[in-house]
Structure formats: structure tokens, C-alpha cells
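First comes the structure, then the notes that go with it.
The values are calculated or read from the model by the stated rules, or taken from the named source; none is laboratory data. What you see is a predicted model, and the numbers here were worked out from it, not measured in a lab. When we count neighbours, we look across all protein chains shown, and the Cβ atoms used for this are built from the backbone with ideal geometry, even at glycine.
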């Protein structure tokens with residue numbers, strides 16, 4: 001295993017999971033490791049030291065308000081540094097374990113920047129990019145036990161929440177569907193496929209394709225049309241039904257940034 005790296009080797013296949021002190025839920029790392037083992041890729045944890053958090057910690061009288069409890073706590077550089085170190089230690093332990101369990105090469109890299117923009121800037125250079133979900137800072141352990149998922153919110157219990165895929169009929173979106181199906185099969189999870197707009201022919205095509213593959217029970221498959229198809233509608237739907245992971249094709253634009261910022265689950269770009 002490579003614990004730390006400062007230079008990139010562009011010739012190898014990599015699956016990168018982006019995390020930071022506020023996005024340290026490790027469920028996405030677990031699922032990415034399963035996919036890396038299947039594809040024969042290296043798994044890299046990319047820890048982004050959030051510039052905004054570092055800058056805010058330098059300001060006097062700065063406080064954070066916990067999203068769930070509403071309690072206030074002061075933010076300063078020593079506390080931010082402790083949180084960074086604790087997060088890095090947790091991530092290192094997780095990738096050490098996954099390296100042994102999944103027999104995949106793993107690495108950990110640290111960069112400084114704005115989380116989503118820094119992660120999206122490298123999406124064209126990797127096989128798969130995973131944006132970890134936002135967690136409640138200081139909310140306790142979020143790392144799942146081996147093979148499990150912890151800390152996911154939504155309408156269903158964590159163990160019942162589905163993998164989501166967004167399929168618009170393009171070749172790129174069908175690659176996202178394949179990845180979502182791989183992960184659902186590996187973890188005995190349900191699969192929900194969302195089709196933008198009213199496209200009954202595409203809905204039926206996807207349903208028949210999944211049934212013919214026989215990788216998942218019919219009862220665990222769901223194909224739906226979403227209209228209007230926009231970030232608020234998608235986020236509302238995955239919050240209502242629960243979501244372990246949403247898999248989408250790579251694309252630029254505000255839609256993806258909005259989903260990645262607001263979704264209560266990891267976002268995988270294929």
C-alpha cells in the first residue's frame with residue numbers, strides 16, 4: 001500500500017473518493033472499494049483541506065451551528081487542525097482495512113481548495129470519482145463496519161436504502177447504470193433508476209435490460225420517470241426514499257454541483 005503520494009502517474013486506472021473534515025462518512029469509500037476490486041483499479045482517498053473553513057477559523061468570534069441540534073461552538077485554528085488530523089486518521093485506517101479486505105491498491109493524498117470544485121476538476125483524469133456526503137461535524141463515528149453502511153439519512157432504514165442511477169439514454173449514462181448495478185449486486189442492495197422527463201420507451205428498455213441481466217431480484221428493481229428533472233426534484237425524491245449512493249454520468253454545470261452539495265448520500269461520477 002502507498003500511504004502518501006505527491007506526484008501523479010496518469011497511466012493507471014484510478015477510482016478517487018473525495019473527502020474532507022465535514023464529508024468524512026466512509027460509506028462511499030466502502031462502495032468504491034468494491035468497484036475498484038471488480039475493475040482492477042487503484043483506490044485513492046483524496047482529502048481536501050477546505051479553504052473556506054481554514055479562512056473562517058482565522059476570523060475572531062466565529063461560531064458554527066450544528067445542523068441537527070442547533071448548538072453553537074467556536075471555530076478556531078487549533079480546533080480545525082484537530083478535526084483535520086482526526087479525519088485523516090479515520091480515513092487512513094479505513095483504506096488500510098479496505099486494502100486488505102478487497103485486495104486493492106490504495107493511497108491517500110492531501111490537497112487544499114474548495115471541495116466540490118477541486119474534486120470536479122480531476123474527473124476527466126480518473127475512472128470513477130466519488131464525492132462523499134456531508135456529515136454532521138462532531139456527530140460521532142460515521143465509519144461503517146466492514147461491509148455495512150452507516151449514517152445515511154432518508155425515508156428508509158440504512159440497510160434498506162437503494163442505489164440510485166440517473167439514465168438519460170446516452171452511452172455515458174448507461175455506463176453509470178452498469179456501475180450502479182455492479183454495486184447493488186455486490187452489496188445485495190435495491191436499485192432505483194431515474195429517467196429524466198416522460199420517456200416511457202426508455203423506462204421500459206431499462207426495465208427489460210435489468211430483468212434480462214438477472215443480477216438483481218425483480219422486487220429490488222425500480223425504474224421511474226422524473227419530471228421536471230432538476231436538482232431540487234431529484235434531491236427531494238432521494239430524501240423521501242433514502243439513498244446509499246447516486247451514480248451519474250460525468251458532466252459540468254450547476255446541476256451536478258447542486259446535487260453534490262445538497263444530497264444526503266455520496267455521489268459517484270462514472
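Any idea how many residues of the stretch 121-131 are at pLDDT below 90 and under 14 Å from residue 17 (Cβ atoms)?
Residues in the stretch 121-131 being at pLDDT below 90 and under 14 Å from residue 17 (Cβ atoms): 4 in total.
Go through the stretch 187-201 and report how many residues are outside any strand (DSSP E or B), more than 18 Å from residue 219 (Cβ to Cβ) and under 26 Å from the mean Cα position of the chain (by Cα).
Selection size over the stretch 187-201: 1.
Of the residues 69, 103, which single one is at pLDDT below 85 and out of contact with any helix residue (DSSP H, G or I) (no Cβ under 6 Å at 6 or more places or on another chain)? Explain how you work it out, then say what you get.
Details: 103 fails: at pLDDT below 85.
Exactly one residue qualifies, and that residue is 69.
Evaluate the following for residue 76: is it more than 24 Å from the chain's Cα centre (by Cα), modelled with pLDDT under 95 and surrounded by 13 or more Cβ atoms within 10 Å (Cβ to Cβ)? Step through it out loud before you land on a result.
Numbers: more than 24 Å from the chain's Cα centre (by Cα): yes; modelled with pLDDT under 95: yes; surrounded by 13 or more Cβ atoms within 10 Å (Cβ to Cβ): yes.
So residue 76 passes the test.
Just to be sure, is residue 236 under 30 Å from residue 125 (Cα atoms) and either assigned by TED's automatic domain parsing to the domain that holds residue 126 or out of contact with any helix residue (DSSP H, G or I) (no Cβ under 6 Å at 6 or more places or on another chain) (or both)? Before you say what the answer is, go through the steps one by one.
On the way: under 30 Å from residue 125 (Cα atoms): no; either assigned by TED's automatic domain parsing to the domain that holds residue 126 or out of contact with any helix residue (DSSP H, G or I) (no Cβ under 6 Å at 6 or more places or on another chain) (or both): yes.
Criteria not met by residue 236.
Considering only residues that are surrounded by 14 or more Cβ atoms within 10 Å (Cβ to Cβ), assigned to a helix (DSSP H, G or I) and under 18 Å from the mean Cα position of the chain (by Cα), which ones fall in the stretch 219-255?
231, 234, 235, 237, 238, 239, 241, 255
Any residue that is on the phi < 0 side of the Ramachandran plot, at pLDDT 95 or above, surrounded by 15 or more Cβ atoms within 10 Å (Cβ to Cβ) and in contact with a helix residue (DSSP H, G or I) (Cβ under 9 Å, 6 or more places away or on another chain) - is there at least one of those in the stretch 148-163?
Checked against the condition, which is being on the phi < 0 side of the Ramachandran plot, at pLDDT 95 or above, surrounded by 15 or more Cβ atoms within 10 Å (Cβ to Cβ) and in contact with a helix residue (DSSP H, G or I) (Cβ under 9 Å, 6 or more places away or on another chain), the stretch 148-163 yields at least one hit.
Does residue 214 meet the test of being closer than 17 Å to residue 169 by Cα and either at pLDDT below 95 or surrounded by fewer than 20 Cβ atoms within 10 Å (Cβ to Cβ) (or both)?
no
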